[in-house]
Amino acid sequence: MKTNVNNIAPDITQAAQEAFEEMYIAVRDKEGRLYSDKEVARLPNIDKGHRYYKEWRKRKQSSEQLITYLKQRQQPLHVLEVGCGNGWLSSRLANIHNAQVTGLDPNRVEIEQAKRVFKKKPNLKFIHGSFDNNTFNGPVKFDVIIFAASIQYFPSIKDTIADAFSLLSKTGRVHVLDTPFYHTNELEMAAKRSFVYYDSLGFPQMSHYYYHHPLKQVLELKHKTMIDPTTLWNRLTKKNIFYWIILKP
């Protein structure tokens, strides 16, 4: 059975978790996705000549849509971003008035960078650790839990969202965005593409930690689709290429 450090089981050793973190960072480095502190502080803005400039334009757009939506609630918000990486999105979320933001990630290198780069924001904190309903001690409840380009690293949508629901306040919601979902007949080919990709980088075993979730598993939950990339407008303009789905218990 595939394992994943984000949903790490009790019998998985600390050494195994550290080995995954080391591999993940090596892959990020090979991809050119590790950024300097100065670059992280500016994200999602990045130089036009950067190899991922177009990708960051999309991330900027989706983050602005999310932030605009959350601002409309006009109430104090306790926000958790799961899989926050270097913390750029958590930092932007912390600019929302009366928001308290926590970024969580099992990748120590980028979490330490996030702490360093965004240390001057008193309403923002970062935690190095895995995510499940035992992650936080005490009666911690969040109004918003965000999975932005991260839920593909969890083996089970249902288990992960159930853990998130257990951490929500009474009116809390889970937001999933910047994530590919697939129809059932696309899953096998998508998995093959991922293996070929990671193999080309020299890390074929990384494909065991990247999961391809069927869209129907998400839509079976109580949800509101904010963005559907399959609409005719989005397919023609490619303005929105990922789903944005809000889930509630």
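The values are calculated or read from the model by the stated rules, or taken from the named source; none is laboratory data. Predicted model, so just to flag it, every value in this text is computed and none were measured. Don't worry about glycine lacking a Cβ; one is built from the backbone with ideal geometry, like all the others, and counts go over all protein chains shown.
A few points about this structure:
- Of all residues in region 76-92, those satisfying the criterion of being within 13 Å of the chain's Cα centre (by Cα) and not aromatic (Phe, Trp, Tyr) are 80, 81, 82, 83, 84, 85, 86, 87, 89, 90.
- For residue 181, the conditions (1) of a type outside the set (Val, Ile, Thr); (2) within 21 Å of residue 61 (Cα to Cα); (3) modelled with pLDDT of 95 or more; (4) more than 20 Å from the chain's Cα centre (by Cα) are fulfilled apart from (4).
- When region 95-136 is limited to residues that are within 20 Å of residue 25 (Cα to Cα) and of a type in the set (Val, Ile, Thr), the one that is surrounded by the fewest Cβ atoms within 10 Å (Cβ to Cβ) turns out to be 127.
- Out of 58, 54, sole residue that is over 24 Å from residue 135 (Cβ atoms) and surrounded by fewer than 15 Cβ atoms within 10 Å (Cβ to Cβ): 54
- Restricting attention to region 23-40, the residues that are at negative phi, surrounded by fewer than 12 Cβ atoms within 10 Å (Cβ to Cβ) and either at pLDDT below 95 or not in a helix (DSSP H, G or I) (or both) total 1.
Conditions tested, residue by residue: (1) of a type outside the set (D, E, K, R); (2) under 18 Å from the mean Cα position of the chain (by Cα).
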| residue | (1), (2) |
| --- | --- |
| 168 | yes, yes |
| 185 | yes, no |
| 188 | no, no |
| 204 | yes, no |
| 215 | yes, yes |
| 219 | yes, no |
| 231 | yes, no |
| 234 | yes, no |
| 244 | yes, yes |
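- Pick from region 64-94, criterion free of Cβ contacts under 8 Å to residues at least 12 places away in the same chain and part of a helix (DSSP H, G or I), ranking: surrounded by the most Cβ atoms within 10 Å (Cβ to Cβ): 64
- When 136, 147 are checked against the criterion of being of a type in the set (Phe, Trp, Tyr) and modelled with pLDDT under 95, 136 stands alone in meeting it.
- Subset of region 41-63 [under 19 Å from the mean Cα position of the chain (by Cα) and not in a helix (DSSP H, G or I)]: 43, 44, 45, 52
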